[in-house]
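Heads up, the thing below is written out as structure tokens.
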Amino acid sequence: RPRNNMNQEPLNHQVKADNELDRARRELSILYEISNAMRSTLDLDYILYIILTSVTSHTGLGFNRAILFLKNPAERCLEAKMAIGPESPEAAQKIWEYISRCDQDLDDLINKDKLEQKVGQGALFKSVERLKIPLVTKDENLLITAYNNGTAMHIPEEKISQYAFDPLLQVFRTNELVIMPLKAKNQVNGVIIADNLYTRKPITENDLRIFTMLANQAGLAIENSQLYEIIKHKSRSDAITGLWNHGFFQDQLTLEIERSQKANIPVSLLMIDIDNFKELNDAYGHQNGDIVLKEMAGILKDSSRDGDYACRYGGEEFSIILTQTTKDHGYVIAERIRERIAGYCFPKFSSAEQLKVTVSIGLATSPQDAQTKESLILQADKAMYAAKRSGKNKTCLG
């Protein structure tokens, strides 16, 4: 008997070693696939979708639900950007049965066609989308603690009740969770919350280890995407005014006309020209001219709605793409802008003196006035010159 036990011991060690090797291979394979997927794009939404799908898929880390918060530097807070997970045990079971039946791998699950279907639609995201956690706060909470420490936080089932009044757990009901910081060059740019609410599978040290490795790759991918967006934005922005530049205007107007035709919704275009700008430059100098351009840009940006695009067309001429806007509504917007500019006191360079400036505006609407981008610009331009010929400081219709 003792001899049999001695023979059994090396066998047990071998089985354990083989299991460990299989696990390590699987983890490396998962990380390799996820890393390749994240390197395939610089689109931030798609990267976030890949990350959360990797955290929740059966071929990835296998968590039931995951929410990703990113740092918002402007508002100095953490805000929810995306969430993936079923809304009930029944929904979870249907999803798992479907995935198992279809034998879907990670490439199938992160197909970009599914992005719009998944993001911002489910009850999980709706439950946290209004949650903004200030980065500077006297009150301790789970997300900020994980953010400040830069290390994973695992709250097991026996301790979850201690955090019942935490802002996150007020809206995200769970029995156990992990909060994983996303880091790039030792700077935290976000956190992921994950749990196993439906399967009740305990979160192990091994889960945390591989999750940390994924999070490190994810943090770098997010940083690269954000840097790319900054560079892309600068390349499409006007250097003096900060508005969208002429190239962006041309591309975006093409897209908006296509969308309006598909959805049978009008899009309007304002062409705006500063009256007597050459005389202003001659009288006061180009530095004052630049001040007028910058102040004008601020007024146009502030007067634009979400979904509109204020652009510098060139020289002293500006344009605003008014999405989902009829000609009548466009005229109301144009007049409001014109009157605001006429009543505005523009500062003068190195002087307390202020300048008064007016604009002439032309308005055209697609499809009412034009079917193509070129003809819409032409009609708005003609209307703007008609406003100039009829005395300036007016809005004319195409």
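Could you please find all residues in region 135-159 being aliphatic (A, V, I, L, M) and within 25 Å of the chain's Cα centre (by Cα)?
LEU135, VAL136, LEU142, LEU143, ILE144, ALA146, ALA152
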Do we find that ILE222 is of a type in the set (A, V, I, L, M, F, W, C), touching a residue at least 60 places away in the same chain (Cβ under 8 Å) and not in a helix (DSSP H, G or I) in this structure?
no
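Yes/no matrix, rows are residues, columns are (1) of a type in the set (A, V, I, L, M, F, W, C); (2) in contact with a Lys or Arg (Cβ under 8 Å, 6 or more places away or on another chain):
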{"residue": "GLU140", "(1), (2)": "no, no"}
{"residue": "PHE165", "(1), (2)": "yes, no"}
{"residue": "GLN170", "(1), (2)": "no, no"}
{"residue": "ALA184", "(1), (2)": "yes, no"}
{"residue": "GLU205", "(1), (2)": "no, no"}
{"residue": "THR241", "(1), (2)": "no, yes"}
{"residue": "TRP244", "(1), (2)": "yes, yes"}
Only residues that are open to solvent by 40 Å² or more (accessible area, probe 1.4 Å) and polar (S, T, N, Q): list them for region 251-260, please.
THR254
I'd like to verify a number: residues in region 59-72 that are surrounded by fewer than 19 Cβ atoms within 10 Å (Cβ to Cβ) and at pLDDT 90 or above, how many?
1
Going by what's in this entry, would GLU279 be described as open to solvent by 70 Å² or more (accessible area, probe 1.4 Å), under 22 Å from SER390 (Cα atoms) and in a helix (DSSP H, G or I)?
yes
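If you scan region 293-312, which residues turn out to be in a helix (DSSP H, G or I) and open to solvent by 10 Å² or more (accessible area, probe 1.4 Å)?
Start the filter on region 293-312 by keeping residues that are in a helix (DSSP H, G or I), which leaves 293-303.
Within region 293-312, LYS294, GLU295, GLY298, LYS301, ASP302, SER303 qualify.
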On the given criteria, is ALA263 small (Gly, Ala, Ser) and either open to solvent by less than 20 Å² (accessible area, probe 1.4 Å) or modelled with pLDDT of 95 or more (or both)?
no
Per the list (1) modelled with pLDDT of 85 or more; (2) of a type outside the set (Asp, Glu); (3) under 19 Å from the mean Cα position of the chain (by Cα); (4) open to solvent by less than 50 Å² (accessible area, probe 1.4 Å), residue check on THR41 breaks on (1)
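Go over the candidates ILE210, ILE160 one by one and state the one that is within 16 Å of LEU31 (Cβ to Cβ) and either without any contact (Cβ under 8 Å) to a residue 24 or more places away in the chain or in contact with an Asp or Glu (Cβ under 6 Å, 6 or more places away or on another chain) (or both).
Result: ILE210 is the single residue among ILE210, ILE160 that is within 16 Å of LEU31 (Cβ to Cβ) and either without any contact (Cβ under 8 Å) to a residue 24 or more places away in the chain or in contact with an Asp or Glu (Cβ under 6 Å, 6 or more places away or on another chain) (or both).
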LYS138 versus (1) touching a helix residue (DSSP H, G or I) at 6+ places or on another chain (Cβ under 8 Å); (2) of a type outside the set (Val, Ile, Thr); (3) open to solvent by 50 Å² or more (accessible area, probe 1.4 Å): which is the lone unmet condition?
(1)
Pairs please, first residue from region 178-192 and within 13 Å of ASN148 (Cβ to Cβ), second anywhere and open to solvent by 10 Å² or more (accessible area, probe 1.4 Å) and part of a strand (DSSP E or B), Cβ atoms under 6 Å, 6+ apart in sequence or on different chains.
ILE179/MET153; PRO181/VAL188
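What number of residues within region 155-170 satisfy the criterion of being open to solvent by 60 Å² or more (accessible area, probe 1.4 Å) and not polar (S, T, N, Q)?
Within region 155-170, the subset open to solvent by 60 Å² or more (accessible area, probe 1.4 Å) is 157-159, 161-163, 165, 170.
Those still in the list that are not polar (S, T, N, Q) too: 157-159, 163, 165.
Qualifying residue count for the region: 5.
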Would you tally the residues in region 190-248 being open to solvent by 50 Å² or more (accessible area, probe 1.4 Å) and more than 30 Å from THR174 (Cα to Cα)?
16
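Test LEU169 against the stated conditions and say whether it is closer than 17 Å to LEU124 by Cβ, part of a helix (DSSP H, G or I), under 25 Å from the mean Cα position of the chain (by Cα) and without any contact (Cβ under 8 Å) to a residue 40 or more places away in the chain.
Details: closer than 17 Å to LEU124 by Cβ: yes; part of a helix (DSSP H, G or I): yes; under 25 Å from the mean Cα position of the chain (by Cα): yes; without any contact (Cβ under 8 Å) to a residue 40 or more places away in the chain: yes.
Yes, satisfied.
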Let me confirm something: among ALA215, ALA194, ALA221, which residue is under 30 Å from ILE155 (Cβ atoms), of a type in the set (Gly, Ala, Ser) and modelled with pLDDT of 95 or more?
ALA194
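The values are calculated or read from the model by the stated rules, or taken from the named source; none is laboratory data. Predicted model only: the values in this text are computed from it and were never measured. Every residue, glycine among them, receives a Cβ derived from its backbone with ideal geometry; neighbour counts consider all protein chains shown. Accessible surface areas use protein heavy atoms only, side chains included; no ligands, DNA or RNA. Shrake-Rupley method; radii C 1.70, N 1.55, O 1.52, S 1.80 Å.
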